Amino acid sequence: MITNSPAPRKLGFGRIALYSMASAGLNILAITIDTWLIYFYAPPVDSGRPQYLPMTLIGILLTIASIWDAAIDPFIGHYSDTLRSRWGRRKPFLVFASPFILFGAVLIWTPPGKTILVTAIYFMVINLMYRTAYSLVGIPYDGTLPEMAPDSKQRVGLSYWKNVFGIVGVLIGSLFAAPLFQTIGAVYMGVAIGVVGVVTIYLTLLGLRETDRPLGAPMSAMDGIKVTLKNKQFIIVFVSTLFVHVCYQMLLINFPYFVTLVLGKTEGDVGIYQGVLILLMAVTGPVWLLWNKRRSQRWLLNFTMIGLTIFVALGFFAGSIPFLPLSIQGFLVVTLIGIMLGGYLIIIYAMMGNVVDYDGILTGRRREAIYYGTFSFAIGLGSSFGSLVLSQILNFFGHTRDNPFGVRMAFLVMALFVLTGYFIFQKYRLGDSAEETRKNMGLLESNND
């Protein structure tokens, strides 16, 4: 008599929704702080707002903070993978790091303002605290996705809903942060997003389910990182993702300048344009999932990167087409970017599950969080470099109402980074299933790449 292996436990929507809550909260925090931090500390000179730090100095400080954030992510992933506690591998990180996210989300908007040196030190300390706490929550949380849904079909569905909740979080942050920033101020905006973020993280604890698969013998931190970095297919994804996220970070930071200086709108209108961007990312998600039934994830990711390159470059021409109203030009650019960016983010996060499974084939271990942590390392490096590049472009080419050329020039630079990521990704060979990956990588009889 043949005994069938037990079928994967089905995930009910209630558990999926609870699990995805943290994705919404973390994205509310991320979109709000990424969008408004530089604008708060270095607003346009003719905006009437106080200048706390020079633009170039902010770019340098954010680069240092982002490098720190990126460097600790693989180690956080490793220690989350190897932790053994009665609460499991992931929950302790979420419980104890969340309050520090709240503190950072509030304190970052209260610079002492005495001297540039004092303000810079304060900016750096609070930034490092916030980013460390955010990673201590985000990396273990991301590592739970393959555990929650070990079956490939369930994983795609869970990844989709996690992305939907994340997009909803970005949409909420985009629509509500700008009016809060303009009316009640940055500090109370920080209180609001911090409280919401922590509440969603604790709600997620109710929906978490950790793996019941054998975990394998743990590696040391350095051995785990070395094995991860020897995975050539992951390195392709890593470097390509880094370049695309340079563009993504530049896009987020450039948004307030684009809306206020190029389109001539108010600070409150920033949320409307961001809302359109995020809404398009959300509502086109089912289209990408349906298309994934006919096309491979590799093909779809290539398509989104080509589309993103073209549509981001169009941002350079916004405001220079005489027969179209400025608002129409702005909405057109934002709509096209939103469609492609939404597809890219859905596909790349689903694809990371294939990378984790490939590592399982090679090593016989479950090392989800270290891969998501190292993946976040790429995102962090891309974000830090994006902040630095944009600050230099705005300073060199101009970012005032009379001369917004730097804001427009940034779109061409963003497009160049995405195009570079596309060319790097052409060597990726993993399939959408373990069987396809074994075939593509020649692992039918061997476990060596």
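Taking every DSSP helix (H) stretch of at least 4 residues in the chain, weighting each as -39,500 (n - 2.57) and dividing the sum by the residue count yields a mean residue ellipticity at 222 nm of -25500 deg cm²/dmol.
Counting only other residues whose beta carbon sits under 15 Å from that of Ile253, what net charge do I get with K and R as +1, D and E as -1? Each step should come with its number before you reach the end.
Working: positive: Arg408; negative: Asp34, Glu267.
Net charge in that neighbourhood comes out at -1.
On a C-alpha basis, how far is the centre of segment 343-399 from the centre of segment 219-277 in Å? Whole number, if you could? Here the two parts' Cα centres lie 8 Å apart.
For the chain, what is the accessible area per residue in Å², given a 1.4 Å probe and the full set of protein chains? Intermediate results must be reported in sequence, preceding the final value.
On the way: 18380 Å² over 449 residues.
Using a 1.4 Å probe on heavy atoms only, each residue of the chain averages 41 Å².
Just name one of Phe317, Trp291, Gly264: the one whose Cα is farthest towards the positive end of the charge dipole of segment 262-394 (beta-carbon charges, Lys/Arg +1, Asp/Glu -1). Of the listed residues, the answer is Trp291.
Peptides 28-39, 99-110, 288-299 ordered by packing proxy, namely the average of other Cβ atoms within 10 Å per residue, highest first: 28-39, 99-110, 288-299.
Report the residue, chosen from Pro140, Pro50, Pro256, that carries the largest GNM mean-square fluctuation when the chain is represented by alpha-carbon nodes joined by springs under 10 Å. Maximum fluctuation in the GNM of the chain, among the listed residues, is at Pro50.
Mind running the shape call on segment 322-402? Use the C-alpha gyration tensor, a ≥ b ≥ c as the square roots of the eigenvalues: rounded below 1.5 for a/c, prolate if a/b tops b/c, oblate otherwise.
Working: a/c = 6.18, a/b = 1.98, b/c = 3.12.
In terms of gyration-tensor shape, oblate.
Taking the chain as the reference, fit the longest principal axis to its C-alpha atoms, fit the long axis of helix 152-183 to the helix C-alpha atoms, and give the angle between the two in degrees, 0 to 90, nearest 10. Taking the Cα atoms of the chain, the angle to 152-183 is about 20 degrees. Largest first, the residues Met55, Met409 sort by 1.4 Å accessible area into Met409, Met55.
Counting protein heavy atoms only, the chain has 68 percent of its accessible area on carbon and sulfur, 1.4 angstrom probe. By the gyration tensor of its Cα atoms, with a ≥ b ≥ c the square roots of the eigenvalues, what is the shape of segment 74-202: rounded for a/c under 1.5, prolate for a/b over b/c, or oblate? Judged from the Cα gyration tensor, segment 74-202 comes out oblate (a/c at least 1.5, b/c at or above a/b).
The values are calculated or read from the model by the stated rules, or taken from the named source; none is laboratory data. If you're wondering where the values come from, they're calculated on a predicted model, not measured in any experiment. Because the Cβ atoms are built from the backbone with ideal geometry, glycine has one as well, and the counts that use them run over all protein chains shown. Note: accessible area is taken over every heavy atom of the protein model, side chains too, but ligands, DNA and RNA are not part of it. Shrake-Rupley method; radii C 1.70, N 1.55, O 1.52, S 1.80 Å.
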